[in-house]
Amino acid sequence: MKKFYSGVVRRRKLVLAVFAVLFVLCFFLEKLVYVNYDINDYLPDETHSTVSLNVMSQEFSGGIPNCRVMIRDVTIPEVLDYIETIQAVEGVIDITWLDDQTDITVPLAALDSSVVEPYYKDGTALLSVTIDEEYNIPATEAIRSIVGDENAISGTAASIAVSTTNTLKEIPMISAIAVAITLVMLLLTTTSWVEPIVILMGIGVAIILNGGTNLMFGEISFITNASGSILLLAVSLDYSVFLIHRFDECRKETTSVEEAMVEALCKATSSILSSGLTTVIGFLALVLMQFEIGPNLGLALAKGVGISLITVFLFVPSLVMSTYSLMDKTRHRSFMPSFRGLGKLIRKATIPFVCIFAIVLVPAYLASNANEFYYGASEIFGEDTQYGADTAAIDEMFGISDTYVLLVPKGDTATQKALSDDLHQLDYVTGIISFVDAAGPEVPYAYLDEQTLALLESEHYTRMVIEVSVPTEGRDTFRLVEQIREAAGGYYPDDFYLAGRGVSTYDLMDTITADMLKVNLLAIGAVFLVLLLAMRSLILPIILVLGIETAIWINLAIPYFAGESIFYIAYLIISAIQLGATVDYAILMTNRYRENRQTLEKNEALVQTISDTTVSILTSGGVMTAVGLLMGVISSNRLLAQLGVFIGRGALLSLAIVFFVLPGLLYLFDKWTGAKTAKKDNILTGGNAT
């Protein structure tokens, strides 16, 4: 290893040139990476709703209505004019309104109000629009320009369009502020004005290389796109900080700068690699998820950490060796205290902190598993956004509604009629458009025009468009989906297909709840194994994993005690992210404690360890806390905002566990940690001398 690092240091100009070329290449490749903002696209291919959508697209030219447009203060002729104008928008496939249900040339007063009011009430019209998903943004923007801001637009297509445009605006802002926060943090915790720039350059190269190589996945999810760079900034920061701190220490022991860097690399490799591997494994645990956002995020982040490790072992040493003279010229006094006082305080409070930890552990675990969840995207935007306000306005005027499409085999109209009658009896089913409902089972196909028939019948299937008065998720929604599937299965056991936003959310719920246990078990087991092999101690991996897991449980228990519902996707992802990203702090402190125990008795080793590691851990943990909470404050997407809060709060809780609980656990289990004990411990009763 020493020979390899010596070669890197000697050939630093070549290393810098290679990374410069890769940086430029990946900078342009990153712009080619497609970002997907539709959560439902990440359902497994074999999921019933996904299969149903595929069959539907093969059998019928039109899709499921995915946009609701409410227009206020309009007459019937004006509504028809709006429909004609919107129909001409590129990407608009179909529009369903009252004229598809009844003869609107008849005076409205003569029509059944239950037929009219879902589409037209108090001079306000509600259109159900089907938009090609490839045109979500331009079509939604065009419809908005037609109807104006005083009217309302809602639905999946509008949600995806808003999510895309808002995220594209917010992520650069969040990233810029995150870099500024990181710079300030580094200026406070380093002793050279140039050192923060060097560290940020190393991280920046890793982030761009990771972004460009994401092209290998074909596409990335909006969660990966929004959180990937920010997480990588926070997670990989400590690698460069650890290395440069080691380099400063080694320079005090030799006059050769090159030898100091080689020695620093050799000494830092074990800690950085074990930290990096646990982080990679935490992220790779997400690959086990059936819900494919997990593998998408996990692979991208794991790759990013791998690239960060390569960067810190190759690019950062080369950059430091090329700039160390400038770093020396810009040295300034440390703005940070020695933290020995903090170490002494923690040493005195060791037992109380461990007791508090033991008391909160079980309640935190139980509460973290008792939360109420959102499974889909229905609550992504609050009423403080235009989309959220529009959705609330439509629901208030026309009630909550969704549209499902059921495909059953073509031909037997009597069976279709029986099924339709059963579906009409279900609570929350407000209407059905189908061949047997529109024409009746006795009407021959020849009596219907081809255009109408094409909307209801294909070569193999007949289509039932079911209007329901439930939101896109919730207990009533999921029960209704089960009832419709049960009813259809009673007539067509193996040959029916049901699709719709609520149906996809049901399958999403069913899929991701099954992922939780295996993802957590793999992450915990794999991190435990790496720590076991790296530290060669059984008790240390237990202490470290239990400590960080408790921080995770407290993080996820807070919404339960606050009475808040949380997004299950964020709940699922944060467990792996927080374990993988913050166990590094525990590893650094544990390794330093074992190192200090070679020359110091355990009380003094504890104080010295806290003094040695506080600046490094605070730098990395502080940045992760700040950028996570920043994403929580700025993002209008509530899923991303909640994930940001979990990341920031989780880093803060992990810091608290590492600083106030881990030292006590190391102290109490000292003789089982595998540390080499200082000789003077043997002459002190129990090693408790001060």
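The set of residues in segment 381-395 that are crowded, with 23+ Cβ neighbours inside 10 Å and more than 18 Å from GLY148 (Cβ to Cβ) contains only PHE381. On the stretch given as segment 470-499, residues that are touching a Pro at 6+ places or on another chain (Cβ under 9 Å) and either in a strand (DSSP E or B) or not aromatic (Phe, Trp, Tyr) (or both) total 2. Regarding ARG72, is this residue open to solvent by 40 Å² or more (accessible area, probe 1.4 Å), over 35 Å from the mean Cα position of the chain (by Cα) and within 30 Å of ALA206 (Cα to Cα)? For ARG72, the condition - open to solvent by 40 Å² or more (accessible area, probe 1.4 Å), over 35 Å from the mean Cα position of the chain (by Cα) and within 30 Å of ALA206 (Cα to Cα) - is not met.
On the basis of being assigned to a loop (DSSP other than H, G, I, E, B), open to solvent by 10 Å² or more (accessible area, probe 1.4 Å) and more than 30 Å from PHE291 (Cα to Cα), does LEU588 make the cut? No: the conditions fail for LEU588. Filtered by the rule that a residue be part of a helix (DSSP H, G or I), open to solvent by 40 Å² or more (accessible area, probe 1.4 Å) and small (Gly, Ala, Ser), segment 356-380 gives a lone residue, ALA358. Considering segment 396-419, the residues that are charged (D, E, K, R) and touching a residue at least 40 places away in the same chain (Cβ under 8 Å) include one that is surrounded by the most Cβ atoms within 10 Å (Cβ to Cβ), namely ASP402. Mind checking whether some residue in segment 99-118 is in contact with a strand residue (DSSP E or B) (Cβ under 8 Å, 6 or more places away or on another chain), open to solvent by less than 20 Å² (accessible area, probe 1.4 Å) and not charged (D, E, K, R)? Within segment 99-118, not a single residue is in contact with a strand residue (DSSP E or B) (Cβ under 8 Å, 6 or more places away or on another chain), open to solvent by less than 20 Å² (accessible area, probe 1.4 Å) and not charged (D, E, K, R). When you check SER318 against the structure, is it farther than 21 Å from THR224 by Cα, at pLDDT below 90 and assigned to a helix (DSSP H, G or I), yes or no? Considered against the rule, which asks whether it is farther than 21 Å from THR224 by Cα, at pLDDT below 90 and assigned to a helix (DSSP H, G or I), SER318 comes out as no. One residue stands out among those in segment 328-337 that are open to solvent by less than 60 Å² (accessible area, probe 1.4 Å) and not polar (S, T, N, Q): the one that is nearest to the chain's Cα centre (by Cα), which is MET336.
Just to verify a result, which residue in segment 636-652, among those that are open to solvent by less than 40 Å² (accessible area, probe 1.4 Å) and out of contact with any Ser or Thr (no Cβ under 8 Å at 6 or more places or on another chain), is farthest from LEU342 (Cα to Cα)? Ranking the qualifying residues of segment 636-652, first place goes to LEU639.
Looking at (1) at pLDDT 90 or above; (2) open to solvent by less than 40 Å² (accessible area, probe 1.4 Å); (3) of a type in the set (Val, Ile, Thr), find the lone condition where ILE146 falls short. Result: ILE146 passes all but (2). Checking each residue in segment 119-135 for being among the polar types (S, T, N, Q) and open to solvent by 10 Å² or more (accessible area, probe 1.4 Å) picks out only SER128.
Pairing residues of segment 17-31 that are within 9 Å of GLY211 (Cβ to Cβ) and open to solvent by 70 Å² or more (accessible area, probe 1.4 Å) with residues that are in a helix (DSSP H, G or I) and among the small types (Gly, Ala, Ser), at Cβ distances under 7 Å and at least 6 apart in sequence or on separate chains, gives PHE27/GLY212.
For segment 420-438, what are the residues that are assigned to a helix (DSSP H, G or I), modelled with pLDDT of 90 or more and out of contact with any Asp or Glu (no Cβ under 9 Å at 6 or more places or on another chain)?
Of everything in segment 420-438, those that are assigned to a helix (DSSP H, G or I), modelled with pLDDT of 90 or more and out of contact with any Asp or Glu (no Cβ under 9 Å at 6 or more places or on another chain) turn out to be ASP421, ASP422, LEU423.
ALA656 is checked against (1) part of a helix (DSSP H, G or I); (2) at pLDDT below 90; (3) open to solvent by 20 Å² or more (accessible area, probe 1.4 Å) and fails just one. What number does that condition carry? Looking at each condition in turn, ALA656 falls short on (2). For segment 559-585, the set of residues classified as part of a helix (DSSP H, G or I) and free of Cβ contacts under 8 Å to residues at least 24 places away in the same chain consists of ALA562 only. One residue alone among LEU532, LEU521, LEU538 is open to solvent by 20 Å² or more (accessible area, probe 1.4 Å), touching a Pro at 6+ places or on another chain (Cβ under 7 Å) and modelled with pLDDT of 80 or more, and that residue is LEU532. Of all residues in segment 269-288, those being touching a Phe, Trp or Tyr at 6+ places or on another chain (Cβ under 9 Å) and open to solvent by less than 10 Å² (accessible area, probe 1.4 Å) number 4.
Yes/no matrix, rows are residues, columns are (1) of a type in the set (A, V, I, L, M); (2) surrounded by fewer than 22 Cβ atoms within 10 Å (Cβ to Cβ); (3) not in a helix (DSSP H, G or I):
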site: LEU297; (1), (2), (3): yes, no, no
site: LEU309; (1), (2), (3): yes, yes, no
site: LEU326; (1), (2), (3): yes, yes, no
site: GLY341; (1), (2), (3): no, yes, no
site: PHE353; (1), (2), (3): no, yes, no
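Restricting VAL627, VAL607, VAL633 to residues that are out of contact with any strand residue (DSSP E or B) (no Cβ under 7 Å at 6 or more places or on another chain), aliphatic (A, V, I, L, M), at pLDDT 90 or above and open to solvent by less than 10 Å² (accessible area, probe 1.4 Å) narrows the list to VAL607. Does LEU80 satisfy being open to solvent by less than 70 Å² (accessible area, probe 1.4 Å), of a type outside the set (Asp, Glu) and in contact with a Leu (Cβ under 7 Å, 6 or more places away or on another chain)? It is false that LEU80 is open to solvent by less than 70 Å² (accessible area, probe 1.4 Å), of a type outside the set (Asp, Glu) and in contact with a Leu (Cβ under 7 Å, 6 or more places away or on another chain). Does SER6 meet the test of being at pLDDT below 95, buried (at least 17 other Cβ atoms within 10 Å of the Cβ) and part of a helix (DSSP H, G or I)? Here the answer is no, as SER6 does not meet what is asked.
The lone criterion from (1) open to solvent by 30 Å² or more (accessible area, probe 1.4 Å); (2) in a helix (DSSP H, G or I); (3) modelled with pLDDT under 90 left unmet by VAL305 is number (1). Out of VAL615, VAL607, VAL627, I need the residue that is aliphatic (A, V, I, L, M), within 20 Å of ILE272 (Cβ to Cβ), touching a residue at least 60 places away in the same chain (Cβ under 8 Å) and touching a helix residue (DSSP H, G or I) at 6+ places or on another chain (Cβ under 9 Å). Which one? Result of the check over VAL615, VAL607, VAL627: VAL615.
Look at segment 513-529: where a residue is of a type in the set (S, T, N, Q) and a partner is in a helix (DSSP H, G or I), sitting 6+ places away or on another chain with Cβ atoms under 6 Å, you get ASN520/SER575.
Looking across segment 506-556, the residues that are small (Gly, Ala, Ser) and either under 16 Å from PHE373 (Cβ atoms) or touching a helix residue (DSSP H, G or I) at 6+ places or on another chain (Cβ under 8 Å) (or both) come down to ALA514, ALA523, ALA526, ALA534, SER537, GLY547, ALA551.
Evaluate segment 40-51: report whether one residue or more is open to solvent by 70 Å² or more (accessible area, probe 1.4 Å) and either modelled with pLDDT of 95 or more or in a helix (DSSP H, G or I) (or both). Checked against the condition, which is being open to solvent by 70 Å² or more (accessible area, probe 1.4 Å) and either modelled with pLDDT of 95 or more or in a helix (DSSP H, G or I) (or both), segment 40-51 yields at least one hit.
The values are calculated or read from the model by the stated rules, or taken from the named source; none is laboratory data. Bear in mind the structure is a predicted one, so any value in this text is a computation, not a measurement. Note that we place each Cβ from the backbone using ideal geometry, even for glycine, and neighbour counts take in every protein chain shown. The protein model used for the area step is the full one, side chains on, heavy atoms only, and it has no ligands, DNA or RNA in it. Shrake-Rupley method; radii C 1.70, N 1.55, O 1.52, S 1.80 Å.
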